[in-house]
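In what follows, a structure is listed as structure tokens, so that the remarks can point back to it.
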Amino acid sequence: MSTGTGADSAPGHTSTPTTAAPAGKNSMFSSLRIRNYRLFATGQVVSNTGTWMQRIAQDWLVLSLTGSASAVGITIALQFLPMLMFGLYGGVLADRLPKRPLLLATQSAMGLTGIALAVLTLAGHVQVWHVYLAAFLLGLVTVLDNPARQTFVPEMVGKDQVANAISLNSANFQSARLVGPAIAGVLITAVGSGWAFLLNGLSFAAPIAGLLMMRTRELHPVEPQPRSKGQLREGLRYVAGRPELIWPIALVGFIGTFGFNFPIWLSAFVSDVFHGDAGTYGLFNTLIAAGSLAGALLAARRGHSRLRLLVAAAVMFGGLLTVTAFAPGFWLFAALLVPIGIFGLTVNVTANSSVQMATDPEMRGRVMALFMMVFTGGTPLGAPLLGWITDTYGARVGMAAGGLISLTAALAIAVVLSRIGNLRLRVGRRGVTFVPATPRGELATAA
């Protein structure tokens, strides 16, 4: 990706940081040499494990209370609805406010949400509407937490380590995804969902402690933007005028809305196709996480982002999702979840790092809010629709529908990018790729 002017994340008016990753070629874990980022990553892996425990417990609790994949879809939709409604305003606030204090507030609120749901469940009073409400409140907090957390990464590591740190964030999240579902499956089977909710609430103590222990003099702060009229429109105009931003955002919007509805499909496959239990559901999520972790580590090793990689990964993701939907046996279905995780995570990480590196620091909060809004905010539209398709026509048709929509969007955007970037198809030993015909503009370089 052409970095453009937005690649520079220069320090603000405060003193120059005294600690940075040593110069030289990036390694897979190079950003972990930075103390503040190590603290951040350590706290996040603990809370992410709790988050995955709660996600599995929440989905399974709703399915147990209602027996409906549509109800699981509604829960997911409510959790992401606030991002669709208010996501851009969260980005405006993230650009206006210092990131570290804002994250202290949001992480505390997310922990309290988990503890409240735990109390209701352990007391035996939980009802479906309680889960719906908790999901919606968590989504409200996420409106601020997501852009603040995304844009805090460059402030911790500096411009040279942004792509590596973003990839390691995803690896962190997926590592927790390996552990969290397994723990949740054991807890749900042994003592019920309430303990998973409680452990998630308590897990937020780790990132809060990490934020408090950071050395502020070693950050790369971006000057908060003063409040003024039209900041939201300014952010939208900024993205609209940059094809290197708008097309990756559009692609992840389609993938996020229609391709990342695994709670609906996997719970339906477990209950209706393979007749499993919570342990089977946890296994499926763990396999996707294993693939996602591999994808994140490969992205960290590459250290760069290209549009060709983004589009190719999206095509493979949509195609695999469609094929997996009709896998005839349990173990073949389970095995195909691993490459789905690899390519799905590659889409997310490549688009995320490309957009961040191509964005000016003072606009990063608004741009990343838009990125997260289309990636997760489309879920309130896609989840109920695909939940209804899954309930009406079965798990296989529901999953295939999501895969076909994702594949079609990826192919269509590939054609658009090839025309804008003056690219042509080349068929060779390495497969079918886009290569520059005659370099023209940023997209030709980015490809």
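The values are calculated or read from the model by the stated rules, or taken from the named source; none is laboratory data. A quick note: this is a predicted structure, and the numbers were derived from the prediction, not measured. As a convention, Cβ positions derive from the backbone with ideal geometry for all residues, glycine included, and neighbour counts pool all protein chains shown. We work out accessible area using only protein heavy atoms, side chains counted, and drop any ligands, DNA or RNA first. Shrake-Rupley method; radii C 1.70, N 1.55, O 1.52, S 1.80 Å.
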(request) Express in Å², to the nearest 10, the accessible area of Thr42 obtained by rolling a 1.4 Å probe over the protein heavy atoms while all chains stay in place. (result) 90
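Over segment 228-294, with every protein chain in place, what whole percent of the accessible area is carbon and sulfur at 1.4 Å, could you tell me?
Numbers: 1490 of 2370 Å².
Answer for segment 228-294: carbon and sulfur cover 63 percent of the accessible area.
Taking loop as defined by DSSP and a crowding limit of 16 other beta carbons within 10 Å, which trypsin sites (Lys or Arg not before Pro) in segment 163-225 fit? Before the final figure, lay out each step's value.
Values: sites: Arg177, Arg215, Arg217; in loops: Arg215.
Taking segment 163-225 and a limit of 16 other Cβ atoms within 10 Å, the loop trypsin sites (Lys or Arg not before Pro) found are Arg215.
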(request) Express the Stokes-Einstein translational diffusion coefficient of segment 330-381 in µm² s⁻¹, to the nearest whole number, given a Kirkwood radius over alpha-carbon pairs, 4 °C and a viscosity of 1.567 mPa s. (result) 101
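Please give me the summed charge of the neighbours of Gly139: other residues whose Cβ is under 14 Å from its Cβ, Lys and Arg +1, Asp and Glu -1.
Values: positive: Arg55; negative: Asp145.
Summing Lys and Arg as +1 and Asp and Glu as -1 gives 0.
When a/c is below 1.5 the answer is rounded, else prolate if a/b is larger than b/c, else oblate, so apply that to segment 174-274 with a ≥ b ≥ c taken from the square roots of the Cα gyration tensor eigenvalues.
Numbers: a/c = 3.11, a/b = 1.38, b/c = 2.25.
Taking the square roots of the gyration eigenvalues as a ≥ b ≥ c, segment 174-274 is oblate.
Kindly rank 324-335, 198-209, 71-82 from highest to lowest mean number of other beta carbons found within 10 Å of each residue. Kindly include the intermediate steps, with their values, before the conclusion.
Values: 324-335: 14.4, 198-209: 20.9, 71-82: 24.5.
Going by the mean number of other Cβ atoms within 10 Å, highest first, we get 71-82, 198-209, 324-335.
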(request) Only loop residues by DSSP count here, and only those with at most 10 other Cβ atoms within 10 Å; note down the trypsin sites (Lys or Arg not before Pro) in segment 235-315 that meet that. (result) none
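So if we plug the beta-carbon distance of Leu332 and Arg96 into 1/(1 + (r/R0)^6) with R0 = 51 Å, what FRET efficiency do we get, rounded to 0.05? Display every interim value, and only then the final one.
On the way: r = 51 Å, r/R0 = 0.99.
The pair Leu332/Arg96 has a calculated efficiency of 0.50.
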(request) Note the full-extension length gain between Met85 and Leu212 as 0.36 nm times their separation in residues minus their Cα-Cα distance, in nm to one decimal. (result) 42.6 nm
(request) Please name which of Leu178, Leu236, Ala196 has its Cα lying farthest along the dipole of segment 150-265 towards the positive end, using unit charges on Cβ (Lys, Arg +1; Asp, Glu -1) and the Cα centre as origin. (result) Leu236
(request) Using Cα centres only, tell me the gap between segment 317-386 and segment 159-195 in whole Å. (result) 16
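Where the only charges are on Cβ atoms (+1 Lys, Arg; -1 Asp, Glu), what is the dipole of the chain about its Cα centre, to the nearest 20 debye?
On the way: 31 positive and 16 negative charges, 262 e Å.
Result for the chain is approximately 1260 debye, rounded to the nearest 20.
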(message) Per residue, how large is the accessible surface of the chain? Use a 1.4 angstrom probe and give square angstrom.
(response) 39
(request) Can you figure out the FRET efficiency of Glu362 with His275, using R₀ = 56 Å and their beta-carbon distance, to the nearest 0.05? (result) 0.55
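Suppose only helical runs count, i.e. DSSP H with n ≥ 4. What mean residue ellipticity at 222 nm does that imply for the chain under -39500 (n - 2.57) per run, divided by all residues and rounded to the nearest 500 deg cm²/dmol? Each step should come with its number before you reach the end.
On the way: 17 runs with 323 residues, N = 447.
Computed mean residue ellipticity for the chain: -24500 deg cm²/dmol.
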(request) Determine the gain in length on full extension of the stretch Ala116-Leu104; use 0.36 nm per residue of separation and subtract their C-alpha separation, reporting nm with one decimal. (result) 2.4 nm
(message) Through the Karplus equation 6.51 cos²θ - 1.76 cosθ + 1.60, θ set to phi - 60°, convert the phi angles of segment 255-261 into ³J(HN,Hα) values in whole Hz; use x for Gly and Pro.
(response) 5, x, 6, 10, x, 10, 10
(message) Could you sort the peptides 343-349, 355-361 by per-residue average Cβ neighbour count (10 Å cutoff), highest mean leading?
(response) 343-349, 355-361
